[in-house]
Every structure is written in C-alpha cells, then in structure tokens.
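The values are calculated or read from the model by the stated rules, or taken from the named source; none is laboratory data. None of the values given here were measured: they were computed from a predicted structure. Note: ideal-geometry Cβ built from the backbone for every residue, glycine included; neighbour counts use all protein chains shown.
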C-alpha cells in the first residue's frame, strides 16, 4: 500500500512539474516575441506601477524637505477638504459633462467612419481619404490649438466670416461659455476619429466575405448587411474598447483644455486635470491634488468593473 502511494505521489509530482517545464520551453521557443514585449513591460513598470508608491502622500501633509517617510500622517483630511470644497464639485461636473459628451458623440464616430470607408471600392480614393482623416492624430494640441484660435477668431476667422456673410453676428467661440464645450468635443472628434477607425477597419477585414455573398443571394441590401453582419461581427471589439474608454471617463485631455481655455470660460472648462495642475503644481498642494487624483482613479476602476460585469451578463467578452 505504501509502495502504491509513493508511486502515485511520484506521478502527481511529475504532472505538477510538466506545466512548469512546458512554460519554460515556450518562453525559450518564443524568446524573440518576449523580447519585443520587454519595452512595453518596462514602460508600465516604471511609469505606472512604481509611481503608485507616491499615492501615500494623499494621506499625509507632504513636505518636499521631509519626504514621504518624514511627512506628517493626516489620514482622510484631504479627502474631507475635497468633498467640502464647492469648486471641486463644479470641476467634477465639468469633467463628467465633457467626458460624457465625448463618449456619446465621439465613440460612435470611428465605427461609422470605418463602415463608410469599408464600402468605398475605389482604392486610390479610399487611401486618400484614410490619409486625410488619420493626419490630425499626429498633430499636437499646440498646433491644433493655434489652428482653432485662428479659424474661430471673431475678427479674422473663416468661420465667423461665413457667419457674417450669412447675416449673423460674430461669435467668440473660445471665450463663450455656451460654445466652449462644443468646440472641445468637436475638435477632439476631428483629431481622433480617423485613428480610432483603424481598429474597426481591422475587425471588418476579419469578416468572412462569404457571409456577405450569402446575404446578397438572400436579397439583403447594403443597410441590412451592415445591420445584421458588419455590426454584430464588430461587437466584441466595440465592447472591449468601450470598457477601456470607461476606465478613462474622467480623463478629458489635459493638453486640449489647457491650450484652449481661458479665465472667461473657467466655469465650464476647468476640469480635474487642469485643477490638479493649477493647485498641485503651481500652488504646491501636492497632498490635496494626489487625493483628487486617487479619487478619480477609484471612480474609473469602479466604472470599468461594473461595465465589465454588465458586458458578461449580456453575453459579451469582457477584458478579464
């Protein structure tokens, strides 16, 4: 009996060792692919995970001279200050509204563009359009901000020149609280819609052409093909990108807002990122703004978790 038990233990030990050996052989066989992954891993390790140690200053009265170890521990004092600050609620509302506008109007844009480009059959025309819509992504917000300031100028901008020729009064778009958010959302869509369409074009390219051929035989027109073949085939990619987008729902783009806003539109334009820069960097309130940043990260994590759970309930693949 003891001999049998020993033999069984040896077999179990062998079974346990085999997966480890296979894993090592896999890494050795595909060492070049793991080497390609290394820069990305190092990037996230150095710039995403190591800085998490600094989150502790949200619970301290941080002093640059005393350092993290020597600063006084104040617990949740900065979070209490944050939730009792009237300016923070206005800033949080601005961030949420701009982010929702970008999500509602900007997220479907690349999907629609990808479907439209997929229907273009003239390759030269298709590539030209692709190049034009991709180009703004490679321009910095400094350049685009300069373009917008000139185009939307109330005195010399082409947009106001057109409005004046039609009998309307000139509009100072970048200094008008009623128009500023519209400019922010529209310029963000214009800049990123072409780049965002690349992933959806790849998803469409993976659809079996025979499915479309069968649909044509059954009498389906283009609209029905898009509705019943293209969109359902893209749904997995759409859900994953939507989940990732929800994780950054409070990231509205510091560079864009910082380049375009001014004191006349602070009430509708000041967001968490610009607030953190102004209060944390310029006024050196590092602990308070770290608490604000931690609050934003927790909200993003909660939204991603809930959305991922909801996607799985609806039968879609989540991100974990």
Quiz item: Looking at segment 73-91, is at least one residue under 21 Å from the mean Cα position of the chain (by Cα) and closer than 15 Å to residue 268 by Cβ?
Solution: yes
Self-check item: Output for segment 36-68, where each listed residue is touching a residue at least 12 places away in the same chain (Cβ under 8 Å) and assigned to a helix (DSSP H, G or I)
Solution: 53, 54, 55, 56, 57, 58, 59, 68
Practice problem: Please work out if residue 94 is over 18 Å from the mean Cα position of the chain (by Cα) and more than 21 Å from residue 230 (Cα to Cα). | Solution: no
Quiz item: Any idea which residue in segment 281-296 is surrounded by the fewest Cβ atoms within 10 Å (Cβ to Cβ), counting only those that are modelled with pLDDT under 85 and in a helix (DSSP H, G or I)?
Solution: 282
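Any residue in segment 171-190 that is part of a loop (DSSP other than H, G, I, E, B), assigned by TED's automatic domain parsing to the domain that holds residue 271 and without any contact (Cβ under 8 Å) to a residue 24 or more places away in the chain? Please lay out each step first, then the result.
Kept after step one, since they are part of a loop (DSSP other than H, G, I, E, B), are these residues of segment 171-190: 171-172, 176.
Now drop any that are not assigned by TED's automatic domain parsing to the domain that holds residue 271, which leaves 171-172, 176.
After this cut, where a residue has to be without any contact (Cβ under 8 Å) to a residue 24 or more places away in the chain as well, the list is 171-172.
Taking every residue of segment 171-190 in turn, at least one turns out to be part of a loop (DSSP other than H, G, I, E, B), assigned by TED's automatic domain parsing to the domain that holds residue 271 and without any contact (Cβ under 8 Å) to a residue 24 or more places away in the chain.
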Exercise. Could you grab me the full set of residues in segment 197-241 that are in contact with a helix residue (DSSP H, G or I) (Cβ under 6 Å, 6 or more places away or on another chain) and not in a helix (DSSP H, G or I)?
Key: 207
